[in-house]
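The values are calculated or read from the model by the stated rules, or taken from the named source; none is laboratory data. Given the structure is predicted, the values throughout are model-derived calculations rather than measurements. All Cβ positions, even for glycine, are placed from backbone atoms using ideal geometry, and neighbour counts span all protein chains on display. What goes into the accessible areas is simple: the full protein's heavy atoms, side chains included, and nothing from ligands, DNA or RNA. Shrake-Rupley method; radii C 1.70, N 1.55, O 1.52, S 1.80 Å.
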Amino acid sequence: MLGTIVNTCAIVVGSAVGATCRKGLKERYRQVLFDALGLATIVLGVNAAVSNMGRSEVPVLFIISLAIGGVLGTWWDPAGRLERWETRRKMARGDDNAPSLVEGLTTGCLLFCIGTFSIVGPVLSALEGDNTFLYTNATLDLVTSAVLAATYGFGMMLAAPVLFCWQGLFYVIALVFRDAMPEAMRVEISIVGGVLILCSGLSILKIRDIKTINLLPSLLVPVLYYLLFK
């Protein structure tokens, strides 16, 4: 778990640095970071989805996952609940124009958790004691969290425990089941995750107000598919 702990600490440190520097940034510079983040998020999402599409055993699974996950997420409506909390928080601070922390955390958690390094890394750490992927991921997340926190503030630190639980889950699964977790399942999770990252980018740039957080249950559908049918 050393690699996951280092990765988690990298997000905390990066968020602290970015949020501290944020106070000295003028609005126009924050807007530039905001736009750059949105564009980068779109590119990363497209890359994650497209690069794994050709390796998919069930090409339509990501469509089914998004449909089922979207319906379940809309029924539960975590986005609505968090938006109401966000509105109360902004009213308490008297800053209605502040960037949405919920949007930032959703984007951050997806960027930190969805990808080869963050999924395969814990597995290699558990099976072979190799933390190379996780140390590389920690370096990337250090920079990413700093940029996110420069826009959304200290609240981005909340993404750290999410990453720890995510990677910890794959670490435990690898220890318990060893080679029972198929590569194909990781591919499908990466495709769905890539689409969700793309959705976050579109929301950041205000191209389309997609309730990405309501689509998060889609990530569970590939896991359930392989558990039940494979």
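Leaving out ligands, DNA and RNA, and with a 1.4 Å probe, what % of the accessible surface on the stretch 23-179 is carbon or sulfur? Could the numbers behind the result be given before it?
On the way: 5720 of 8480 Å².
Summing carbon and sulfur atoms, their accessible area is 67 percent of the total for the stretch 23-179.
Rank E83, E103 by accessible area, highest first, at a 1.4 Å probe radius? Could you put the intermediate results ahead of the total?
On the way: E83 80, E103 45 Å².
In descending accessible area the options line up as E83, E103.
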**Q.** Computed over the stretch 1-42, the ratio Rg/Rh where both radii use C-alpha atoms and Rh is Kirkwood
**A.** 1.13
Q. If you rank Y226, Y135 by how much accessible surface each has, with a 1.4 Å probe, what is the order from largest down?
A. Y135, Y226
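Give me the net charge for the shell around N52: Cβ to Cβ below 10 angstrom, other residues only, Lys and Arg +1, Asp and Glu -1. Please report the intermediate quantities before stating the final value.
Details: positive: R55, R186; negative: E188.
Summing Lys/Arg as +1 and Asp/Glu as -1 gives +1.
Rounded to the nearest 500 deg cm²/dmol, what is the calculated helix-only ellipticity per residue at 222 nm for the chain, with -39500 (n - 2.57) per DSSP H run of length n ≥ 4? Display every interim value, and only then the final one.
On the way: 10 runs with 178 residues, N = 230.
Mean residue ellipticity at 222 nm (helix-derived): -26000 deg cm²/dmol.
Working from the alpha-carbon coordinates of the stretch 138-230, get Rg over Rh, Rh being the Kirkwood radius.
Numbers: Rg = 15.5 Å, Rh = 15.3 Å.
Here Rg/Rh amounts to 1.02.
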Q.
Using DSSP H assignments, which helices in the chain have an axial alpha-carbon span of 18 Å or above and a mean Kyte-Doolittle hydropathy of -1.0 or higher?
A. 2-22, 27-53, 61-76, 132-152, 159-177, 183-204
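Which whole number of Å³ per residue matches the convex hull of the alpha-carbon atoms in the chain?
Working: hull volume 26.7 nm³, N = 230.
With only Cα atoms used, the chain gives 116 Å³ per residue.
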**Q.** Taking the C-alpha atoms of the stretch 109-150, convex hull volume expressed per residue in Å³
**A.** 52
Q) What does the charge count near F154 come to, summing +1 for each Lys or Arg and -1 for each Asp or Glu among other residues with Cβ under 12 Å from its Cβ? A) +2
